[in-house]
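Data first, discussion second: the structure below is written as structure tokens.
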Amino acid sequence: MNKKSKKTAKRKIRATSPSQFGDKLEALLNTNAPVGVPLALKKSINRRRKDEKETLKARKVAGAERKEHEEVGRITDIIGGWGGENERALRKIAQRGVVQLFNVVQKAQSAKAAEEASKLALRGSGKPTLDKPDMDSKNKKKKRQVVAVQKDMVDKDVFMNAIRSGGVVSNV
């Protein structure tokens, strides 16, 4: 016969005969039950359950109020009507605008760097780096510079209208 180890016997208690099961059941039924009030009917336990439920409700209400308070200044939708179907097109337009913006900034920075490099190259060559002051043409020169700067710039309204229409912004 195979004998099982004590550990296996403890782990797997088997009813080998109906008489053993009956004996165990009868032993359980003969035990004395507690005389006091069942736990479900005790007032202190009921009070504790009620208090726990009330505190849980209060926490939920406080959490909801805190979330509402946090949401007061939050902006969830910047442009109304953005949906899943046209969001990709709008992202493409925004990307084009950002690329154009970066290109203009890079162009301005490179022009300024080239101008500074040319001034540094002229140093020590004996050539004057500053223009001589001309009182008559001073105002005309400023106007020419303003016009040149305005040619490179795009009007804000034109830019925004081009973005709304989905077109490419041209330097007008």
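The values are calculated or read from the model by the stated rules, or taken from the named source; none is laboratory data. Keep in mind that what you see is a predicted model, and the values were worked out from it rather than measured. Counting neighbours? That spans all protein chains shown, and the Cβs are built from the backbone with ideal geometry, glycine included. Ligands, DNA and RNA are stripped out before the accessible areas are found, and what is left, the full protein with its side chains, is counted by its heavy atoms. Shrake-Rupley method; radii C 1.70, N 1.55, O 1.52, S 1.80 Å.
Would the stretch 40-47 turn up any residue that is modelled with pLDDT of 75 or more, part of a helix (DSSP H, G or I), surrounded by 10 or more Cβ atoms within 10 Å (Cβ to Cβ) and not β-branched (Val, Ile, Thr)? Steps first, please.
Residues of the stretch 40-47 modelled with pLDDT of 75 or more: 42-47.
Within this subset, residues satisfying the condition of being part of a helix (DSSP H, G or I) are 43-47.
Among the residues that remain, those that are also surrounded by 10 or more Cβ atoms within 10 Å (Cβ to Cβ) are: 45-47.
With the extra rule that they be not β-branched (Val, Ile, Thr), the set shrinks to 46-47.
Yes, that holds for at least one residue.
Each row is one residue, and each column tells you yes or no for (1) exposed (fewer than 10 other Cβ atoms within 10 Å of the Cβ); (2) modelled with pLDDT under 80; (3) of a type in the set (Ser, Thr, Tyr); (4) not in a loop (DSSP other than H, G, I, E, B).
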residue	(1), (2), (3), (4)
GLU52	no, no, no, yes
GLY63	no, no, no, yes
GLU68	yes, no, no, yes
TRP82	no, yes, no, no
ALA113	no, no, no, yes
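Take the residues of the stretch 5-26 that are basic (Lys, Arg) and modelled with pLDDT of 70 or more: which is farthest from the chain's Cα centre (by Cα)?
Going residue by residue through the stretch 5-26, those that are basic (Lys, Arg) are 6-7, 10-12, 14, 24.
Then keep just the ones that are modelled with pLDDT of 70 or more; that gives 6-7, 24.
On the way: LYS6: 59, LYS7: 55, LYS24: 62 Å.
Ranking the qualifying residues of the stretch 5-26, first place goes to LYS24.
Could you list, ordered by first residue, the pairs with Cβ atoms under 7 Å in which the first is in the stretch 87-102 and within 16 Å of ASN161 (Cα to Cα) and the second is open to solvent by 100 Å² or more (accessible area, probe 1.4 Å), at least 6 apart or interchain?
LEU90/TRP82; ARG96/VAL168
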